[in-house]
Amino acid sequence: MEGKSVVEVAIGLDIPTDQVLKIHSDYLILRNMGMASRVLTENRKNLAAYLKLFDFLDGNNVKSEDLNHAVELAQNISNLKKEKVQLEYDIDTLMESKKYYEMELDEIKNKYYKIR
């Protein structure tokens, strides 16, 4: 159905739109089952960790959108760490600049008060 609307597919197959939607839904379910099967097969030695995760999600009524949001946040951690390092560097640079200008100000004050 990629690239074609549900109506175009329904017309092309000469079947009702509802039936096209059902077929597409079934396809997505089967495709996701295939992905789940692949993940389980590839990680069969670590299956306990996945089962604990599913138990936790189920026991705490975690919604799929919450889980998706958590994954997005986890992916952002690396970027946030880089940003933190840059901000710490910027703070250090600003503190050094502050010290320099304070010393300059002290010199100006000393010269001003010596003249008077």
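The values are calculated or read from the model by the stated rules, or taken from the named source; none is laboratory data. These numbers were taken from a predicted model, which means no experiment stands behind them. For the accessible areas, the whole protein counts, side chains as well, though only heavy atoms, and no ligand, DNA or RNA atoms are used. Shrake-Rupley method; radii C 1.70, N 1.55, O 1.52, S 1.80 Å.
Can you show me the helix-derived [θ] at 222 nm for the chain, built from DSSP H runs with n ≥ 4 at -39,500 (n - 2.57) apiece and divided by the number of residues, rounded to the nearest 500.
That comes out to -30000 deg cm²/dmol.
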## Note on the structure
Once Val7 and Val85 are pulled to full extension, the length gained, defined as 0.36 nm per residue separation minus their Cα-Cα distance, is 22.9 nm
### Message
Compute the helix-to-body angle for 47-59: its Cα long axis versus the longest principal axis of the chain, expressed 0 to 90° and rounded to tens.
### Response
90 degrees
#### Entry: Solvent-accessible heavy-atom area per residue, rounded to whole Å², over the chain at 1.4 Å
93 Å²
### Query
Taking the radius of gyration and the Kirkwood hydrodynamic radius from Cα positions alone, what is the Rg/Rh ratio for the chain, to two decimal places?
1.44
